[in-house]
Each structure stands twice: as C-alpha cells, then as structure tokens.
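None of the figures in this text is laboratory data; all of them are computed from the coordinates on show. Everything numeric here is computed off the predicted structure, so don't read it as measured data. Here the Cβ is made from the backbone with ideal geometry for all residues, glycine too, and neighbour counts use every protein chain on show.
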Amino acid sequence: MSELYIGLMSGTSLDGVDAVLVDFADGVRLVGTHTIAMPDDLRARLMALCQSGPEEIERMGRVDSELGELFAAASMGVLRSSEHKAAEVRAIGSHGQTIRHRPYGQHAFTLQIGDPNVIAERTGITVVADFRRRDIAAGGQGAPLVPAFHAAVFGHDVRNRIILNLGGVANITVLPAGQPAAARGFDTGPANLLMDAWSMACRGLAFDAGGEWAASGDVSLPLLNRLLSHPFLGREAPKSTGREEFNLDWLRSELDLLAERVSDVDVQATLLEFTCETVAEAIGTLGLTSGDLFLCGGGALNTALQHRLAQRLPQWALDSTSTLGIAPGWVEATAFAWLARQRMEQRPGNMPAVTGASGYRLLGGIYPP
C-alpha cells in the first residue's frame, strides 16, 4: 500500500519549480520527478519583487496567482511522468517562492508566494503551504526547515554526518553519530546566489557550469577579506539569510571600496572561494573532527566548488546525497513532501535547535481541494 505525497520547491535561484512524487509507505522512495523552467518574464518579475519598488502589492498579487498555476502544472507533470493519478496523492507540500525573509527584529517576518488555493483548485489535491511563518511567530528564524527532514532520514549510528545544501544559500545540517536529538543546522552564507548573479551580469549565463569560469580566475584576497567581514558571518546560530543580505548591489558596493579593480573572472573565483571559506569556517565551529559530508542542491554539480571544499575540509569524506538514495537536485522538494506529511499527521515540522523557535510547532496551513 503506497503513501504518496508531492513536494514542490522553487529556490533562491528562481530557475524553475522542482516537483517530486514520494512514497513514504516504507521509508522515503522517489516515485517520480519533474521540473518546469521558470519563464524568463516571470523570473524577471520575481526578481523585481525581491527588491522594494512601486505598486508592489499589485505586482505581488498577480505573480502569486501566476506562480500558483506554475506549481499546479509541475504537480500534474510529475503525476503524468510517473503514471499516477491525483486521487492517489494525500497532499502536496509547497514551499512557495520566497520574496522577503526578514527574521530579525521586533516584527520579524518571511513571505513566500505561489497561491496554494490555485494549486488545490487546479490539481484536486490537498495542499500544505506557508510552512515558515508559524516558526517565526514562535520566535524562530523560519529557516532552515530542511534539517528536520535530514535528521529524520540521513542520520547514522557510528558516523558523524553533515548534509551541506548548496542552493542559493548554503546551509548545513549536523548529524552527530548515534545522537539524533543532537542534530542542528544553520545557514552559513551564500552559495550559488552571488555566483549565479555575477555570471548573469557579466556573461548573460544563468550559472557557471561546473565552476569552469571561476576555476580560470584567481582569488582576490582584498575582495575576499571584504566579503568575509559581512555582519551575518559573525552572528551566532540559529541564523538564516537570503537575497536581502547577499545580492549584486552589495557585491558591487564592496568592489567599489577596493583600491584596485578586480577582473570579472577573478570576482567569480573569489565568490567561489567565499562560499568555500564560509562553509569551512562554520564546520570548524562544530567540535566534530571528521566524518562524512554529503552535498545536495545545485552547487553539488559545481566541480570546482567540490574540489575546493575537499581541499579545505580534508578530514571530511565528500560525497553526494545520491549515495543516501536521493539525488542532490531533489532533496529539498522531497523535504517539503515530508513536511506536508508531518502536518497531515499532526506532527511538528520544525527543529527548535535549528530555527531558534520556542518549541516544536505544526507547520503549514492546509488547503483542501
């Protein structure tokens, strides 16, 4: 007897919507996968919504509905590709698209759009969405949420494990051997976010395939030192970040403060080193001397990034989450299928040790078909 859920994920890169069909009847088994590329005009409007601008509410309302249609199409796509019917799926877990993440201050908030009402209407399937705001209301960061899933499925009795998600932002989940209750995690800083933005700005390419462009440049130590002085990096966990703190405008402002010009390719090399350095420094604070480091997210396909991480972290055996049964590109979507299941089963979805919330909470609103 199967127990099917769909997970939907659209990350900081804004490159598309990932959909997975997962069977939880006996562990975690991916039944189907599907991706819909983000249309260029929609991506441009989403990028604009990530910054303050005129008529924001009008623009957000339209994009919210349009994204709902795209998420619904992704859900139906994964059903078609796996030859399953909507009636077989208990629920869809939709992360939505983050357009603001402000987890600090008196009135902290986070905002993900992609109308779950539209998804439920178009698919005829119950939708669970808006996962982050309850954790924020409970005093947490609302992110990262995926470590709860990592802790549930990736822990090991005798080996220390770290799951390193290299999406737009890098975050780690720390899984000490045989101690599931000691799992913790946090954002370490940007991963693909800045590298992708710089590649697009300089070359018109959405990403640096395999990190080849970065590998052809040289690291600028003056620029690297400026980037490493960002206040986020000195904060204690729990902590989370996003495009609001690390963006192209910030990078250009740091470049303007340098005494000498840095070539475009050397900037890219420095951004890759920045990601590796912030990840390595974060892992160095954990008190674990060795173990297994599993990569997921789009950065797991960046060969130059992998190579440099292996150099910086020689005591950690690097591999991808494919070894654990889930390919790197599908881990986050699978996590939101799992979070939907947690909500439908009335089980908490957050980890207070990760987000800083005052306790465990049921995450997500339920939108019936």
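Computed quantities for the displayed model
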quantity: Theoretical FRET efficiency, 1/(1+(r/R0)^6), r = Cβ-Cβ of residue 45 and residue 86, R0 25 Å, to 0.05; calculated: 0.30
quantity: From phi via Karplus (6.51, -1.76, 1.60), per-residue ³J(HN,Hα) for the stretch 340-352 in Hz, x at Gly/Pro; calculated: 5, 5, 4, 5, 5, 8, 6, 10, x, x, 9, 10, x
quantity: Highest-first arrangement of 189-202, 312-325, where packing means the average Cβ count within 10 Å; calculated: 189-202, 312-325
quantity: Among [x] 31, 24, 20; [y] 94, 27, 14; [z] 31, 29, 20, the entry that matches semi-axes √(5λ) of the Cα gyration tensor in Å as calculated here; calculated: [x]
quantity: Per-pair calculated FRET efficiency, R0 = 51 Å: residue 65 and residue 261 via Cβ, rounded to 0.05; calculated: 0.70
quantity: Per-peptide average of other Cβ atoms within 10 Å, ordering 114-124, 250-260 highest first; calculated: 114-124, 250-260
quantity: Pairwise FRET efficiency - residue 206 versus residue 152, Cβ, R0 = 22 Å, nearest 0.05; calculated: 0.10
quantity: Convex hull projection area averaged over all views, the stretch 146-324, Cα basis, nm²; calculated: 9.7
quantity: Residues with amide H under 5 Å from that of residue 141, placed H, sequence gap 5 or more; calculated: 356, 357
quantity: Separation in nanometres of the label points that stand 7 Å from Cα toward Cβ, at residue 345 and residue 221; calculated: 5.3
quantity: Projected area, mean over directions - the stretch 272-339, Cα convex hull, nm²; calculated: 5.0
quantity: Rounded to 5, percent antiparallel among DSSP beta bridges of the chain; calculated: 65
